[in-house]
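> So that we are looking at the same thing, I have put the structure below in structure tokens.
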Amino acid sequence: MKEPITSLQNPLVKKIIKLQQKSAERARSGLFVAEGRREVSLALSQGVEPEHLLFCEGIFENDDAYPVALKEDGKHPMVPVSRLVYNKLAYRKDAEGVMLVGKQRLPGLSQLHLPETPLILVLEGLEKPGNLGAVLRTADAAGVDALILAGSKVDVYNPNTIRASMGCVFTVPVVACSSDEAIGWISDPGNWEKGKEPHVFSAALQTKVNHFEVDMTGPSILAFGAEDKGLSAAWRDIACQTIRIPMSGTIDSLNVSASVAILTFEAIRQRYRASDR
């Protein structure tokens with residue numbers, strides 16, 4: 001076993017801090033940082049290529065549900081660090097004792113592998129990492145086939161996104177592109193089997209059609225806009241139906257992650273019910 005890194009001036013320590021703090025550095029290097037057993041275990045199980053796997057022997061304890069093999073096997077470059085160094089790098093001090101520096105993976109639209117009746121989420125103009133993380137947890141739980149970030153300003157590999165997603169950023173296929181690219185891909189019949197073109201449902205307040213009144217058992221795309229602006233006209237124009245979540249209180253909108261969860265699990269409910277017939 002190598003001697004642990006004990007100095008806060010170590011070049012790798014400085015590199016990791018820079019990756020955590022600067023989106024430009026993550027974009028330039030194509031790397032990201034994830035901490036915690038669940039997050040690291042999910043990243044490795046989904047084929048993320050690790051550049052470094054850091055651990056603090058005095059803190060780390062394995063978890064059968066989310067195992068991380070701390071063995072020098074040539075695939076996972078092991079880097080032991082002292083408690084001082086780990087707590088300097090970690091968001092949660094003295095927690096879990098394992099951290100990964102890995103290579104980002106963001107497929108293009110043409111690289112998505114979709115089933116015959118996919119369920120796809122679109123988030124237009126999303127800005128907050130916490131919201132993206134919450135949506136990713138919903139997408140994973142529901143078995144959503146892809147998440148498209150259209151014109152989004154949020155960094156998929158922001159440490160706050162990874163934390164909020166509880167590692168689901170590694171389990172859900174995520175594509176980041178412009179709205180024009182996404183709409184062009186959806187609208188191109190060459191991308192879909194004849195008769196299996198997806199229906200786009202746009203979430204908006206400007207309709208009387210409730211979300212449980214439409215059929216989402218076929219190939220479906222659920223499109224959501226930023227809370228302050230909603231969906232752009234371009235997305236509303238390609239939607240086959242604009243739907244709303246009926247609300248009985250005094251406010252007229254929900255956090256986008258809550259809206260996504262409600263509509264997504266309505267689609268899942270309909271699909272379960274249809275499969276039982």
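Where a number appears in this text, it was derived from the coordinates with a stated rule and is not lab data. Nothing here was measured: the structure is a model prediction, and the numbers come from that model. Cβ sites come from the backbone with ideal geometry, for glycine too, and all protein chains shown count toward neighbours.
> What is the gain in length, in nm to one decimal, between R273 and A258 on full extension, counting 0.36 nm per residue of separation less the C-alpha to C-alpha distance?
Working: separation 15, 0.36 × 15 = 5.40 nm, distance 2.26 nm.
Taking 0.36 nm per residue and subtracting the Cα distance, the gain is 3.1 nm.
> Mind telling me which of P11, P118, P219 comes out most flexible in a GNM of the chain, alpha-carbon contacts under 10 Å?
P11
> In addition: Candidates (i) 6, 28, 30, 19, 13, 4, 0; (ii) 6, 21, 26, 23, 16, 7, 1, 0; (iii) 7, 30, 38, 22, 3, 0; which is the computed P(r) over Cα pairs in 10 Å bins from 0, in percent?
Recomputing P(r) over Cα pairs in 10 Å bins from 0, in percent here picks out (i).
> Another question, then. Helix-only estimate, please: 222 nm mean residue ellipticity of the chain, summing -39500 (n - 2.57) across DSSP H runs of length 4 or more and dividing by its residues, to the nearest 500.
Numbers: 9 runs with 90 residues, N = 277.
After summing the helix terms and dividing by the residues of the chain, the value is -9500 deg cm²/dmol.
> Right, another one. Over the range 1-118, what portion of Cα pair distances is larger than 19 Å, expressed as a whole percent?
49 percent
> For a quick check, take a GNM of the chain with Cα springs below 10 Å and name the residue from R37, R28, R236 with the largest mean-square fluctuation.
Looking only at R37, R28, R236, the biggest GNM fluctuation is shown by R28.
> How large is the charge dipole for the chain, taken about the Cα centre, if only the Cβ atoms of Lys, Arg (+1) and Asp, Glu (-1) carry charge, to the nearest 20 debye?
Details: 31 positive and 33 negative charges, 122 e Å.
Charge dipole of the chain: 580 debye, to the nearest 20.
> Moving on to the next point. For the range 95-154 and the range 1-73, what is the centre-to-centre distance using only Cα atoms, to the nearest Å?
Using only Cα atoms, the two centres lie 21 Å from each other.
> On to the next question. Charges at C-beta only: +1 for Lys and Arg, -1 for Asp and Glu. How large is the resulting dipole of the range 11-103 about its Cα centre, in Debye rounded to 20?
The calculated dipole for the range 11-103 is roughly 600 debye.
> For the chain, what are the DSSP H helices with axial Cα length of 24 Å or more and mean Kyte-Doolittle hydropathy of at least 1.0?
None pass (Cα extent of 24 Å or more, hydropathy at least 1.0).
> Something else now. Roughly how many nanometres apart are two label points built 7 Å out from the Cα toward the Cβ at L8 and M247?
Modelled inter-label distance: 4.5 nm.
> Would you mind checking the radius of gyration and Dmax of the range 122-245 based on alpha-carbon positions, in Å?
14.3, 41
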